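Q: Before I ask anything, here is the structure I am working with.
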Amino acid sequence: AQSFPVAVDQLHVFLILTDGHGHTESELRLVKRDSEQMVGQANGEIDFPDPLATLELDFDLRQLVFPEPGQYSFDLYCNGELVGQRPFGVMARE
């Protein structure tokens, strides 16, 4: 971004999951790593027909504001348990 804070109207996060068991409450959190500040989140329900099933999911995050450049991550929780993270950087563009 050229300046901060920077607003993002809509951001899609695509996930592929496997090895799930039955019904799961899910939460995708977008977190600023150094402060653990939550920038955004999306909730949903996942139903695994069996552990070998592969599910493709699309989380739609809206009205995000990145307060500053730095390291962020997408953290996926299923039934309140952290099951995966994907870090990424947000940089200032000159």
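Q: Look at Gln2 and say whether it is touching a residue at least 40 places away in the same chain (Cβ under 8 Å) and either surrounded by fewer than 10 Cβ atoms within 10 Å (Cβ to Cβ) or at negative phi (or both).
A: When the stated conditions are applied, Gln2 passes them.
Q: When you scan segment 41-94, how many residues do you find that are touching an Asp or Glu at 6+ places or on another chain (Cβ under 7 Å) and charged (D, E, K, R)?
A: Summing the residues that are touching an Asp or Glu at 6+ places or on another chain (Cβ under 7 Å) and charged (D, E, K, R) in segment 41-94 gives 2.
Q: Output the residues belonging to segment 18-51 that are open to solvent by 90 Å² or more (accessible area, probe 1.4 Å) and more than 12 Å from Leu76 (Cβ to Cβ).
A: Asp19, His21, Asp34, Glu36, Glu45, Asp47, Pro49
Q: Could you check segment 71-94 and list, in sequence order, the residues that are out of contact with any strand residue (DSSP E or B) (no Cβ under 6 Å at 6 or more places or on another chain) and surrounded by 12 or more Cβ atoms within 10 Å (Cβ to Cβ)?
A: The answer is Ala92, and nothing else.
Q: Out of Leu15, Leu55, report the one residue that is among the aliphatic types (A, V, I, L, M), within 14 Å of the chain's Cα centre (by Cα), open to solvent by 30 Å² or more (accessible area, probe 1.4 Å) and modelled with pLDDT under 95.
A: Leu15
Q: List pairs: first residue in segment 51-67 and aromatic (Phe, Trp, Tyr), second residue surrounded by 14 or more Cβ atoms within 10 Å (Cβ to Cβ) anywhere in the structure, Cβ distance under 6 angstrom, at least six positions apart or on different chains.
A: Close Cβ pairs satisfying both conditions: Phe59/Val13; Phe59/Leu28; Phe59/Ala42; Phe66/Val6; Phe66/Val90.
The values are calculated or read from the model by the stated rules, or taken from the named source; none is laboratory data. Predicted model only: the values in this text are computed from it and were never measured. Because the Cβ atoms are built from the backbone with ideal geometry, glycine has one as well, and the counts that use them run over all protein chains shown. Calculation scope for accessible area: heavy atoms of the full protein, side chains included, ligands and nucleic acids excluded. Shrake-Rupley method; radii C 1.70, N 1.55, O 1.52, S 1.80 Å.
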